[in-house]
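A.B. asks: Have a look at this one before I ask anything.
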Amino acid sequence: MDDHRGVLVVGELGQSRLATVTRELLGAGRRLADELGEPLGLLLIGDAVSGCDTEASALGVDTLYVAEGPHLAAYNGDVYMEIAGTVAGETAAAVILMGHTTAGREMGPRLAARLGGSLFTDCVDLALDAARWLVATRPVYGGNAMAGFVSKTLPQIATVRPKAMPETAACTGKNMSTVAVSTDSTLSRIELSEVVVEEAAGPRIEDAGVVVAVGAGVRQEDFGLVCDLAQVLGGAVGGTRLPYEEGWIPASSQIGQTGKMITPDLYVAVGISGAPQHMAGCTGAKRIVAINNDPEAHIFKMADYGIVADYKEALPVLIEKIREMTGA
């Protein structure tokens, strides 16, 4: 494949460890690298990231590229892009993977433009065809179908939806090499003025096994019923665009094309019609339960289970039954 070789994961950091989406990317990256018979690299950018070397080695990384320093503690698109572009160019990776996150959605197109490569966004599966070209599967038509895309323009860059792929299992560790990346020449047109940490009560919707979502069909005074259902299920509360715009839920809890893409084990949609823009964010859920008083609502075509009822009547019954079953 021309002069390009290997797989490079542009990683992200969590709390003192690799972010979940990075561990998922390494699983896919290791599989692709093994099929190609080529190395797997991981680029980490941040402050004091070298402590992740043991974890990276255990997840099958051949070469770890580390760019660290206090000035890299917070994400800066210009600086991070310059570093990623330099490493990707020097390594000449054939496949570059990153999460379909805030950072990945910004850096992916810029990286493709800089390197003259191809870009697949919001992927849910990655494979190689018979000619060893990357086949990227992503949702189309608002999540109503899946399509596979192939490009023969290198490098092939893909942003992968978080939770779409399993995390790689740790191994005994490889003989990994570490390369320090210089950040002295990175300039930015962006100046970070403030970092605001949002206070969250309960699990984040992207990490929760159960998500109860509120839609435009729910009145604000009844929002507490949705929260009560989420509480007895041990889940998180999310919603569509309207509840966010009305201030019931924070931006981090909005689900859909302009919000979060989530893949919980159980997704309960309350008063949600099922518009494609919203469903694009939750079609990865293993089970969808819809509660709506309109039997013709599109959400029922997407749901595994449906309750045609007024939520004000259905939710109290559900909450009480769950409490009886769980002893909550």
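The values are calculated or read from the model by the stated rules, or taken from the named source; none is laboratory data. In this text, all values refer to a predicted model and were calculated from it rather than measured experimentally. No Cβ is skipped: glycine too gets one built from the backbone with ideal geometry, and neighbour counts run over all protein chains shown. Ligands, DNA and RNA are stripped out before the accessible areas are found, and what is left, the full protein with its side chains, is counted by its heavy atoms. Shrake-Rupley method; radii C 1.70, N 1.55, O 1.52, S 1.80 Å.
A.B. asks: Highest GNM mean-square fluctuation, the chain, Cα pairs closer than 10 Å: which of 187, 115, 44?
C.D. replies: Looking only at 187, 115, 44, the largest GNM fluctuation is found for 187.
A.B. asks: Are there DSSP H segments in the chain that both extend 18 Å or more along their axis (alpha-carbon positions) and score a mean Kyte-Doolittle hydropathy of at least -0.5? List them, or say none.
C.D. replies: Length and hydropathy pass: 20-36, 77-91, 102-115, 311-326.
A.B. asks: While we're on this one: Counting only the backbone N, which residues of region 286-320 are under 13 Å from the spot 7 Å out from the Cα of residue 219 toward its beta-carbon?
C.D. replies: 311-313, by backbone N distance to the label point.
A.B. asks: Take every Cα pair under 8 Å in the chain that's 6+ residues apart, average their separations, divide by the length, and report that relative contact order as a whole percent.
C.D. replies: 14 percent
A.B. asks: Skip the ligands, DNA and RNA, and give the accessible area per residue of the chain with a 1.4 Å probe, whole Å².
C.D. replies: 48 Å²
A.B. asks: Please list 321, 163, 260, 301 in order of solvent-accessible area, largest first, computed with a 1.4 Å probe with all protein chains present.
C.D. replies: Heavy-atom accessible area, descending, gives 301, 321, 163, 260.
A.B. asks: By DSSP, what percent of the beta bridges with both residues in the chain are antiparallel, rounded to the nearest 5?
C.D. replies: 20 percent
A.B. asks: Report which label in (i) 0.98; (ii) 1.08; (iii) 1.21 holds the value of Cα Rg over 2.2 N^0.38 Å derived from the coordinates of this structure.
C.D. replies: Recomputing Cα Rg over 2.2 N^0.38 Å here picks out (ii).
A.B. asks: Once R0 is set to 30 Å, what does the formula 1/(1 + (r/R0)^6) return for the Cβ-Cβ distance between residue 251 and residue 141, expressed as a FRET efficiency to the nearest 0.05?
C.D. replies: FRET efficiency, residue 251 to residue 141: 0.70.
A.B. asks: First compute the accessible area of the chain with a 1.4 Å probe, then give the percent of it belonging to carbon and sulfur atoms.
C.D. replies: 50 percent
A.B. asks: What is the magnitude of the charge dipole of the chain about its Cα centre, with +1 placed on the Cβ of each Lys and Arg, -1 on the Cβ of each Asp and Glu, and no other charges, expressed in debye to the nearest 20?
C.D. replies: 700 debye
A.B. asks: OK, next. Just going by the charge dipole of the chain, with Lys and Arg at +1 and Asp and Glu at -1 on Cβ, which of 87, 155, 45 is farthest out on the positive end?
C.D. replies: 155
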